[in-house]
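The values are calculated or read from the model by the stated rules, or taken from the named source; none is laboratory data. In this text, all values refer to a predicted model and were calculated from it rather than measured experimentally. We place every Cβ from the backbone using ideal geometry, glycine too, and count neighbours over all the protein chains shown. Keep in mind that these areas ignore ligands, DNA and RNA; they rest on the heavy atoms of the full protein, side chains included. Shrake-Rupley method; radii C 1.70, N 1.55, O 1.52, S 1.80 Å.
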Amino acid sequence: MDPLPLPTSLAEVEGLIRALYQPNPPETISRIQEVLQRLQRSPEGWQLAESLIAHPEDNIRFYAALTLIVKLNRDSAGLNEDDAKLLLENIVSWTIQSLSDGAAPFVTKKLCSALITYFVLFSHVWPACVRHFIYCLDLGRGVPVENLDDALSTDILVGNLDSQKLKVAIWFVTSLVEEVGKTDMNSIKYADVHQRLAKNGQDATCLLARGFAPPIDEVGLKTQEETLACFQAWILYAQRASSDVDLLVTPLRQLVDPALQCFTNEHLFQATAELFSDVLQNYSGFFTKAHYDALSSFFESQWAVNHYQQILHGNHREDGISFGLLMLAYGDAQVQALLEGTDERSQRFLESLSGLLATDGYLVGDDAIFVPALEFWSTFIETMIDCTFSDGDQSPVWKPYAERHLKAVVTNSWRKIQWPSAEIFAEWDSAERAAFCDARKDVADMLQSVFTLEGLDLISFFANLFLQALASQSWAELEATAFCLGALSDCISEDSKYDAELSKVFASQFFHLLGQGQAAVPLRLRQTGLSLIERYCEYFERHADYLPNALNLLFAAVGDSVLGGPSARSISTLCSSCRTILTGEAGTFIRHYQNIRGRQVLDALAEERIVLAVASIIQSITDENEKLQKFEELYTIFKKDFEFAVQLRSQPGLVDLTNPNVLRGLDPPIPSSFPLVEGISLHIALRSMRCIASMSKGMQDVKESPVDLEDESQAARTSEKLAALQADIVSLLIGVQQVFSTTGEIVEIICNILRAGFSETEPGPFVFPADIVTNYFVQQSFETPRMGTLLSTACSFVGSLYRGPKAIVPSQLVRLVPWVIALLQKLPAPEPEADTEISQNGICLIDRVLSKYPEVLFQVQPGQMLEFFFMFTLKVLNGKEPLPKTAAADFWSNFITLKPPSPDLASHVSNAMSYFGPLLAQTLINNIGGNAARSELDKLSEPLKKLVTQQVQAQAWLEGALTRTDEGGNGGGFPSAAAERVSMAERAAFLKKVVGLRGARQTNQVVREFWLLCRGSSFAYVS
């Protein structure tokens, strides 16, 4: 769409402005704005503004004021001092005239903005801007700044202003401090502006003092409200300003008492509360001791007492919450004085603040002051901790007083976090429910801080509360108490000195009640009670007599749709922690698990957690035969599951939806339509495999044992029964993979099972002999799903070999290395990064072999495989995928610095470096010359630094790469795009710096700067 032509008359300009504010399509509005902006920027803009500034229509007048601001910002440099003074006089006159003409406030405010823009640009011409503007308002017209010498004092001029002129003066002074405050105080450009503004502080204070005068009409009331906002803006500016305190802060402090009087005016309360809260929070040093005393007296006034009572009884509307926040802001600002104050006034105020935690209504939904009040008390407690422990052994005088308030805070918070009834909770939206839970977490954090001060007394307090609530069957109180005790578990669970108090809880009838189900106690209380058991695992280790009841309770809840998951997690945590105590009950646990399986289909995750728990108990059995017997008993359950899955797959007619074993293969357990047999079979197999994976985790030894790297008796220490069991497990894993050969999740689970054994140092069912693991890996083909995961697991296997007996390592690596390279060869030839996981993990594995057994790498047959691998890594370095590229960079860094252990191997390494060194140099230069991503430069710098420090031919190789242009884009030298903008001299200078730094850290910065040069200036923002 063609742009609109420029108007040729004022009438046409006025028409465009009117059209701008009328309903029009967006594209029309945009075209009009474009034309009007062109007019504003034109040389005739000054004249246009002057012609329209007195127009009777507000929108046209506003456009004229806006034009003045545009011209000032764009063309003020073209004004000499006389022109600038005349312009100031005119803008002030137009501002006063707009008031006289009854123009809309937005017009007058925009003209005030023009004056502020003028001050920022010409503060040297208009240093006493506030006094001059007030003087002109008093005269009713703009006058030269020089006339200010003949003016009366500022307080007299301010006193002469009528309510309308006073209002405009307040607008001007507010906008002045806000807009100037947005400029950079540390910039030399604006230093004089801020200094001159500070010198206007006394005049602004005179004006604000008049603004605080008792209002006589609605205009005066509105002006007083705007005066409060202006006062707030000047205080916060004074905080940021580096000017002399006497210049700005001292005059402003004179206005605190008049501002304080505004509290009692209900129309001004909100603005006044916001002012004082803001300053107390952000600039508490502004107030003097006299001001704090005045505020303290104010809080004891009858007016304040009435407001406080309204908050306590549920007035959390805007005015109510504002008064509460004001009290908290005062408390924050005076927290040290309140803490150490033993006088009655301080104690009464702290009692009031603790009362804010006990207002009527439910937390969050009805009570908006609880969370801010809790934040204050958290600060109070942290301050109390700091002071208590900084005073040494001597107990401070104020401590008993503070502890009394702490008890009230704890009690009030405990009451407030009690859950509402289910009916009320159902009425809350998701945000309110989340906020309620977050507030409970905040209370938990606060209690942990209180524990630092109160210790055993706090535990005793909640233990007694627990028994009281249990006796009265006050379920909400009991749940809140259990929650608080759970929150303190991290502080005390490992210390036996608290056990006497905890025994009151765990020896009570509470857990007997929980076992009776939801008919006896609410669901939420059961959830918290079960969680409490999990949190005190260490207690149950010390008091095994309570452990059976706890576990029976948890097992009873496993089948519950809501409690099943948390109960299974608690069982897992408790059994793992108390495994050595429970070894005699391993058979009972297995039968317990079988009984539950026979009754219902457990949630898959819950079942895995239970299996892990039982396996962890089996792991702690000291007798080898008994351990393997119990292990096999549990393992056979899942072996039969797999056999049943295979049978279903071959005999679909066996599907019976009343059979619990079949139902284990359904998700959900009761499907809406008859499921496919293949899906049922796979799901059963996956569940059994995940349970075996949980067994592998549970069988991991929690104790760390020393490893003898020279010990070769691992196989000798493996009994025949254990070897047979391991062979059966491996046979099962391979069988599952063969039956479900296209399912990647099966491969991933097998990898997790293998990894569980890698970290073990003692024989065990999942600590497979190295030959078995190697056999499994090398039998996997490129078509196997999740090959990247397999290679990653193989990397971990190589690492585990290095932690074991040395004698077995080379024979395993000799088989693994050709297998890995053969897999890399299967990747599509033009794109070695076609599968990034395979590329990355394949390179990482070879890199691990290189680091410890380089001779294995150079013995690979046929020899072409090794050559392929070196070229493969260079191609990956020239690619775009960051993870394989990082692995390739690490490989070359390690290869360059390799120290061959024998002369024969040194010869092989030297020959390889002579051949691949120039190619590596070309690849690095291709990347550093602009083809790499910026985030890759540090990694690519490493092989570059190693090259120049370790290879005498490095400089020649790099020089050849810098002078050779990569015309084909294959990574063989300097990128053609960069060759056009980076001269040979600049390339030589780069090489000289790199070589001269000899691998120092500064090389990274040199590489980054050269990369930027090659990419061009458009990429400079990333440096």
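Taking only C-alpha pairs under 8 Å that are 6+ residues apart, what is the relative contact order of the range 202-292 in percent?
Computed over the range 202-292, the figure is 33 percent.
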Relative contact order for the chain: what is it in percent, counting Cα pairs under 8 Å that are at least 6 residues apart? 4
Degrees, to the nearest 10: 10-20 long Cα axis against longest axis of the chain: 40
Could you tell me what a quarter of the Cα convex hull surface of the chain works out to, in nm² with one decimal place? 58.5
Would you mind getting me the FRET efficiency between residue 512 and residue 934? Use the beta-carbon distance for r and R0 = 56 Å, nearest 0.05. 0.30
For a quick size check, give me the Cα extents of the range 286-430 along its three principal axes, largest first, whole Å. 51, 36, 24
Any chance you could give the angle, 0 to 90 degrees and rounded to 10, that helix 399-416 forms with the longest Cα principal axis of the chain? 70
Descending packing, highest mean Cβ count within 10 Å first, for 840-851, 62-73 is 840-851, 62-73
Simple spin-label model, 7 Å along Cα-to-Cβ: residue 432 to residue 106 in nm? 3.7
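Leaving out ligands and nucleic acids, note down the accessible area per residue over the range 788-833 with a 1.4 angstrom probe, in whole Å².
Roughly 36 Å² per residue, with all protein chains present.
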Grab the Cα-Cα distance for residue 186 and residue 822, subtract it from 0.36 nm times how many residues apart they are, and report the gain in nm with one decimal. 222.6 nm
If you average the alpha carbon positions of the range 931-996 and of the range 558-575, how far apart do those two centres end up, in angstrom? 60
Under the Karplus relation 6.51 cos²θ - 1.76 cosθ + 1.60, θ = phi - 60°, what is the ordered set of whole-Hz ³J(HN,Hα) values for the range 426-442, x standing for Gly and Pro? 5, 7, 6, 7, 5, 5, 5, 5, 5, 5, 4, 5, 5, 5, 4, 5, 5
Built amide H within the under 5 Å cut-off of residue 965, gap 5+: 974
The alpha-carbon pair-distance distribution computed for the range 1-100, with 10 angstrom bins and whole-percent values, is 14, 46, 30, 9, 1
Of the listed peptides 490-497, 935-942, what is their order by residue-averaged count of other C-beta atoms within 10 Å, with the highest listed first? 935-942, 490-497
Computed over the range 50-185, the relative contact order (Cα-Cα under 8 Å, seq sep at least six) in percent reads 27
Nearest 10, in degrees from 0 to 90: the angle of helix 604-619 to the longest Cα principal axis of the chain is 60
Expected unfolding gain across residue 74-residue 195 under the 0.36 nm per residue rule, minus the alpha-carbon gap, is 41.2 nm
At 1.4 Å probe size, with the rest of the protein present, what percent of the exposed accessible area of the chain is carbon and sulfur atoms? 50
How large is the convex hull of the Cα atoms of the range 493-591 per residue, expressed in Å³ as a whole number? 92
Considering only C-alpha atoms, what is the centroid distance from the range 243-296 to the range 362-426, in Å? 28
For 682, 582, write out the residues from largest to smallest accessible area, computed with a 1.4 angstrom probe and no ligands counted. 682, 582
